[in-house]
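Peer 1: Here it is, the structure, as structure tokens.
None of the figures in this text is laboratory data; all of them are computed from the coordinates on show. All values reported here derive from a predicted model rather than from experimental measurement. Heads up, the Cβs are rebuilt from the backbone with ideal geometry, glycines too, and the neighbour counts pull from every protein chain shown.
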Amino acid sequence: MDLNQLAGIINDAHITELSHVLEKDIPGWPTHAHYLLNPWEKKAWGNTANNFAITMGEHNGTHLDASFHFFEKNEGGKSMEAYPAQKFMGKCVKMDMTHIAPDALVYKSDITKWEDQYGPVEKDDIVCMCFGWGKYFKPLPEGKKYTERWPGLSEEGAIYLAEKQIKMAGVDTFAIDASFSKNNEAHKVLLPKDILVVECLANLEQIPEQAYFIGLPLRIDGGSGSPIRAVAIW
């Protein structure tokens, strides 16, 4: 590999930020730990440096779900440290699903319609669905709409993508399952197939239908998920 050539390609590429800012009062699941940045040392207090303690949940902000999120280890669940770094990057296809209503789902027919126009989803693709929901991700109370009625991926659609052997499925909504889901059908189809789930993505409307995705999590021993800094390169 010519590293100078690789560096040149990346330096000349478009790089789009796909993560929301972690800040006070961002939308979070009611039962999860909320994000807090607590001052520990501050130069203004006479300390030699600024230093903060972070309190947060694994699933705050733009984050990744490991299979351990829904499946115990004896059920085949894998926690964050068990995944190789290559699992978090790859060719990404962005599907425009902004026509899907908040009380509706993405079905196989929606995906195949996209494929008819842009080409087939391939093995190890990272499929990101843009519902146009990222614009609602704002600190509460303004961001309350983000946590209410949102669309999602149907069980049928998840099965179709799993059959394609994709690497990861991402959405710009609060969760890949719609707000009205009772059984987390999409999670329970994808995660046992070693297909990671990324939620709360930002700026998907700014990237083309194909890009290169990188979303590296913290390597948390026993973790069920992790916040990520995700980017699209194109």
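Peer 1: Which condition does Phe137 not pass, out of (1) of a type in the set (A, V, I, L, M, F, W, C); (2) under 18 Å from Phe88 (Cβ atoms); (3) crowded, with 21+ Cβ neighbours inside 10 Å, if it passes all the others?
Peer 2: (2)
Peer 1: Across segment 109-157, what is the total count of residues that are within 22 Å of Lys167 (Cβ to Cβ), among the small types (Gly, Ala, Ser) and either touching a Lys or Arg at 6+ places or on another chain (Cβ under 8 Å) or assigned to a loop (DSSP other than H, G, I, E, B) (or both)?
Peer 2: Here the count works out to 3.
Peer 1: More than 18 Å from Tyr35 (Cβ to Cβ) and either among the β-branched types (Val, Ile, Thr) or in contact with a His (Cβ under 7 Å, 6 or more places away or on another chain) (or both): does that describe Val189? Working first, answer last.
Peer 2: Numbers: more than 18 Å from Tyr35 (Cβ to Cβ): yes; either among the β-branched types (Val, Ile, Thr) or in contact with a His (Cβ under 7 Å, 6 or more places away or on another chain) (or both): yes.
Yes.
Quick grid of which residues meet (1) under 21 Å from His63 (Cα atoms); (2) of a type outside the set (Asp, Glu); (3) in contact with a His (Cβ under 6 Å, 6 or more places away or on another chain):
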| site | (1), (2), (3) |
| --- | --- |
| Gly90 | yes, yes, no |
| Asp110 | no, no, no |
| Lys123 | no, yes, no |
| Trp150 | yes, yes, no |
| Tyr160 | no, yes, no |
| Asn184 | yes, yes, no |
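Peer 1: Can you tell me which residue within segment 69-88, out of those that are aliphatic (A, V, I, L, M) and either free of Cβ contacts under 8 Å to residues at least 40 places away in the same chain or touching a Gly at 6+ places or on another chain (Cβ under 7 Å) (or both), is nearest to Val231 (Cα to Cα)? Working first, answer last.
Peer 2: The initial filter retains those residues of segment 69-88 that are aliphatic (A, V, I, L, M), namely 80, 82, 85.
Those left that are additionally either free of Cβ contacts under 8 Å to residues at least 40 places away in the same chain or touching a Gly at 6+ places or on another chain (Cβ under 7 Å) (or both): 80, 82.
Working: Met80: 19, Ala82: 22 Å.
Ranking the candidates gives Met80 first.
Peer 1: Within segment 1-29, can you find the residues that are under 25 Å from the mean Cα position of the chain (by Cα), farther than 16 Å from Thr62 by Cα and assigned to a loop (DSSP other than H, G, I, E, B)?
Peer 2: Result: Ala13, His14.
Peer 1: Out of Gly57, Gly61, I need the residue that is touching a Pro at 6+ places or on another chain (Cβ under 6 Å) and either part of a loop (DSSP other than H, G, I, E, B) or basic (Lys, Arg) (or both). Which one? Working first, answer last.
Peer 2: Working: Gly57 fails: touching a Pro at 6+ places or on another chain (Cβ under 6 Å).
The conditions single out Gly61.
Peer 1: If we scan segment 67-79, do we find a residue that is surrounded by 15 or more Cβ atoms within 10 Å (Cβ to Cβ), of a type in the set (Ser, Thr, Tyr) and within 19 Å of Leu18 (Cβ to Cβ)? If you could, list the steps in order and put the result at the bottom.
Peer 2: Let us first name the residues in segment 67-79 that are surrounded by 15 or more Cβ atoms within 10 Å (Cβ to Cβ), namely 67-71, 77-79.
Going one step further and asking which of them are of a type in the set (Ser, Thr, Tyr), we end up with 67, 79.
Now drop any that are not within 19 Å of Leu18 (Cβ to Cβ), which leaves none.
No: zero hits.
Peer 1: Being in a loop (DSSP other than H, G, I, E, B) and not hydroxyl-bearing (Ser, Thr, Tyr) is the filter here; which residues of segment 94-108 pass it?
Peer 2: Correct list: Met97, His99, Ile100, Ala101, Pro102, Asp103, Ala104.
Peer 1: Out of the residues in segment 153-194 that are closer than 16 Å to Ile111 by Cα and of a type in the set (Gly, Ala, Ser), state the one that is surrounded by the fewest Cβ atoms within 10 Å (Cβ to Cβ).
Peer 2: Across segment 153-194, the extreme among qualifying residues is Ala162.
Peer 1: Which members of segment 73-93 meet the condition of being touching a Phe, Trp or Tyr at 6+ places or on another chain (Cβ under 7 Å) and part of a loop (DSSP other than H, G, I, E, B)?
Peer 2: Residues satisfying the conditions are Gly77, Lys78, Ser79.
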